[in-house]
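The values are calculated or read from the model by the stated rules, or taken from the named source; none is laboratory data. All of these numbers come straight from a predicted model, not from anything done at the bench. For neighbour counting, all protein chains shown are included, and Cβ atoms are generated from backbone atoms with ideal geometry for every residue, glycine included. Accessible surface areas use protein heavy atoms only, side chains included; no ligands, DNA or RNA. Shrake-Rupley method; radii C 1.70, N 1.55, O 1.52, S 1.80 Å.
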Amino acid sequence: MSSDRVLVYSSEDGMINKSSQPSAKVGKRGKKKKGTAPSPIKNPNKQGVRIMRESKGRGGKSVSVITGLSLDKDALKKLGKTLKAQLGTGGAIKDNNIEIQGDHREKLLELLDKQGIKAKIAGG
């Protein structure tokens, strides 16, 4: 058995104690691996919300897309409606992203900040 695998059950001994397991996993080159487990988002203001401009597949017309929002469908629709009304433009909610017609990245950044959502402008 290789050193990167952990024995959990043996047909001879039954369940194996965790105390008999090695404390640190060792990689292929003999170095210890750090045990970093992904943690759930603790602060919703730091959820990686990005505002970017897209124009592909839209006949050259630009659209501001807000991605990374971890909101349920109803809250996403409500936020999209509010942003569209404040900007005076149209838009849609597709694939858990909010699309606003036109290049309004800076204004969207300010409006999301007023809503308590920290966002960043992505792309060039």
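Key figures for this structure:
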read-out: Failed item in (1) open to solvent by less than 40 Å² (accessible area, probe 1.4 Å); (2) without any contact (Cβ under 8 Å) to a residue 24 or more places away in the chain; (3) assigned to a strand (DSSP E or B), with residue 93 passing the rest; value: (1)
read-out: Meets criteria (open to solvent by 40 Å² or more (accessible area, probe 1.4 Å) and closer than 10 Å to residue 65 by Cα) for residue 78; value: no
read-out: Within region 96-123, considering residues that are out of contact with any Ser or Thr (no Cβ under 6 Å at 6 or more places or on another chain) and in a loop (DSSP other than H, G, I, E, B), the one surrounded by the fewest Cβ atoms within 10 Å (Cβ to Cβ); value: 116
read-out: Region 50-75, subset touching a helix residue (DSSP H, G or I) at 6+ places or on another chain (Cβ under 7 Å), outside any loop (DSSP other than H, G, I, E, B) and open to solvent by less than 70 Å² (accessible area, probe 1.4 Å), residue farthest from residue 105 (Cα to Cα); value: 66
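One line per residue, one yes/no per condition, for (1) farther than 24 Å from residue 123 by Cα; (2) at pLDDT below 90; (3) touching a strand residue (DSSP E or B) at 6+ places or on another chain (Cβ under 8 Å):
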{"site": "21", "(1), (2), (3)": "yes, yes, no"}
{"site": "24", "(1), (2), (3)": "yes, yes, yes"}
{"site": "29", "(1), (2), (3)": "yes, yes, no"}
{"site": "32", "(1), (2), (3)": "yes, yes, yes"}
{"site": "37", "(1), (2), (3)": "yes, yes, no"}
{"site": "93", "(1), (2), (3)": "no, no, yes"}
